[in-house]
Amino acid sequence: MTSIINNFDNNHSDENNEAAVLRGVAEAVETPAVAVGAADAELQPPSQQPSEPPPHSAREESFDYVRRMGRGINLGNGLSAPQEGDWQPAVDESYFDDVAAAGFTSVRIPVRWDQHTTAEAPYTVDPEWLARVAQVAQWALSRGLVTILNAHGEHWLIQECSLDMEVYPRPELEARFHAIWRQVAVHFSEHPDDLCFEILNEPYFCMSKPVVDKINRDVLAIIRESNPDRHVLATGGGKKSYESISQLCQSLFESDPKVLGWFHYYNPFPFTKFTPGSGKPNARHTWGGAKDEALVRHHFDEVKAWSDANGVPVLLGEFGANGTCEQASREKYHSFIARAALSRGFAFTVWCDGFGEDAPEKKSVHLRKAGAWDEPIRDALLATFEPEPQGIGAVASGAAGGKSGSGGGRKMGVANEVEVIRGRLVNMKAKSDPLHATLVRWDNGKVGILVGEQGQEQEQEQEQEQEQE
């Protein structure tokens, strides 16, 4: 059961109160707390604090660009299949009519280049494939959609590496990837600004930070040869999910205000990947409540802190939950993730593989064969939201009031809604088990800690979600 422990007068700064609260929690569980100071209160580890952050004015256009992206959708399993038509019918122009008419303002078009590029130097991309990708992109652009093209499903490149490598082991494959991007960049160099490039989808499963840093630097330089002003999306290596974006090399965006960051989010994995009868540990078909929502807030606040510290706009490039999850929970999950992203200034493109009833274990929003929508999920994504409260005013709903006790670690009476200081969770250890705590503020100005159950579901190893294979 969730409980509240420790309480402090509100007669110091927020940072001092937070430090005092954490010290009190450490004493209550008889274990050292994480080190706390001014930097901790700001949620920015040293690696996330550039010595000279880029002036905000230099990036204002990029933040405006992400605001224009707004709410979007992935055209999954279309151009990212080994051959178009393998996983879904060939992409039809009417799809983009559906997307624009629904109210989405951006579309991410995953593209696989491997099967359309020669294996030997000079690594020529099939001109017919370039023309086909351009045709599909133009259909999106002509509907007023901000359009993202990426390199997706390039397993030939990513899986030659392992996370313990600091240098990519196959220079000839690097050269092939560079050649692909040089041709793609030149081919699309005259397209309008509403076309955006994304360097490489989910490299972090096999590639370390140093390897991804080099790929990002090399490809960005190649793109800039023919597209000096185009917006380019990138993420870092070595860490997955919401942590990937903080691994971006600072030199990438410090000198280029049109670099945007992205991350993917499928937490909690036992819910979003739920398949009946799978036998997977901790599998569950429902989602919601204070604990689930607080975890999302914590993760998204980490991304927001990184974005603010570095002046880099953010896209949540993928998220979603299987059609085999409880429908009410799916709706709640999509709605909450969308609201959490938009409230922090992130754009989003929800993952959609287009299968629908043909494959309910997949993540579908638009049912491509039928040319129809999963309307409750569509509406959950496009609903008008009250902004998610930020900072001191972030509300964690559903905390149950408890009776006051005595002694260290006693429960304190609370209202049904408590304010979460900067919306973050603080992870500590009680003996060998994690103790998950959220800093809270009561209506009377007191500060305390909201502690969740021990054995809270640990984050599951992220898996590649977007591919059928």
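The values are calculated or read from the model by the stated rules, or taken from the named source; none is laboratory data. Only a predicted model underlies this, so the values are computations on that prediction, with no experimental measurement involved. Neighbour counts are summed over all protein chains in view; Cβ atoms, including those assigned to glycine, are modelled from backbone coordinates with ideal geometry. What goes into the accessible areas is simple: the full protein's heavy atoms, side chains included, and nothing from ligands, DNA or RNA. Shrake-Rupley method; radii C 1.70, N 1.55, O 1.52, S 1.80 Å.
Listing for the model above:
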{"read-out": "Selection status of Glu318, closer than 25 Å to Ser80 by Cβ, crowded, with 22+ Cβ neighbours inside 10 Å and acidic (Asp, Glu)", "value": "yes"}
{"read-out": "Which listed residue, of His264, His285, is in contact with an Asp or Glu (Cβ under 7 Å, 6 or more places away or on another chain), within 24 Å of His299 (Cα to Cα), open to solvent by 50 Å² or more (accessible area, probe 1.4 Å) and not hydroxyl-bearing (Ser, Thr, Tyr)", "value": "His285"}
{"read-out": "Residue in the stretch 158-172 that is more than 15 Å from Leu79 (Cα to Cα) and of a type in the set (Lys, Arg) present", "value": "yes"}
{"read-out": "Whichever residue in the stretch 119-132 is within 18 Å of Gly85 (Cβ to Cβ) and either in contact with a strand residue (DSSP E or B) (Cβ under 7 Å, 6 or more places away or on another chain) or among the charged types (D, E, K, R) (or both) and, among such residues, is surrounded by the fewest Cβ atoms within 10 Å (Cβ to Cβ)", "value": "Glu128"}
{"read-out": "Some residue of the stretch 302-310 being surrounded by fewer than 20 Cβ atoms within 10 Å (Cβ to Cβ), more than 14 Å from the chain's Cα centre (by Cα) and over 20 Å from Leu342 (Cα atoms)", "value": "no"}
{"read-out": "Enumeration of residues in the stretch 242-261 that are over 14 Å from Leu220 (Cβ atoms), in contact (Cβ under 8 Å) with a residue 60 or more places away in the chain and open to solvent by 10 Å² or more (accessible area, probe 1.4 Å)", "value": "Tyr242, Ser246"}
{"read-out": "Test: residue in the stretch 326-338 that is assigned to a loop (DSSP other than H, G, I, E, B), over 14 Å from Trp287 (Cα atoms), open to solvent by 10 Å² or more (accessible area, probe 1.4 Å) and not small (Gly, Ala, Ser)", "value": "no"}
{"read-out": "Filtered residues of the stretch 199-221 (kept if open to solvent by 10 Å² or more (accessible area, probe 1.4 Å), over 20 Å from the mean Cα position of the chain (by Cα) and more than 25 Å from Val136 (Cα to Cα))", "value": "Pro210, Lys214, Arg217, Asp218, Ala221"}
{"read-out": "The stretch 141-172: number of residues that are aromatic (Phe, Trp, Tyr) and in contact with a Phe, Trp or Tyr (Cβ under 8 Å, 6 or more places away or on another chain)", "value": "0"}
{"read-out": "Yes/no for Gly153 being under 30 Å from Ala102 (Cα atoms), out of contact with any Leu (no Cβ under 8 Å at 6 or more places or on another chain) and at pLDDT below 95", "value": "yes"}
{"read-out": "Selection from the stretch 356-382 of residues that are exposed (fewer than 14 other Cβ atoms within 10 Å of the Cβ) and within 10 Å of Gly323 (Cα to Cα)", "value": "Glu357"}
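Yes/no per residue for (1) within 22 Å of Val259 (Cβ to Cβ); (2) touching a helix residue (DSSP H, G or I) at 6+ places or on another chain (Cβ under 7 Å); (3) open to solvent by 60 Å² or more (accessible area, probe 1.4 Å):
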residue	(1), (2), (3)
Thr117	no, yes, no
Ala137	yes, no, no
Leu141	yes, no, no
Glu154	yes, yes, no
Cys161	no, yes, no
Glu166	no, yes, yes
Glu172	no, no, yes
Phe197	yes, yes, no
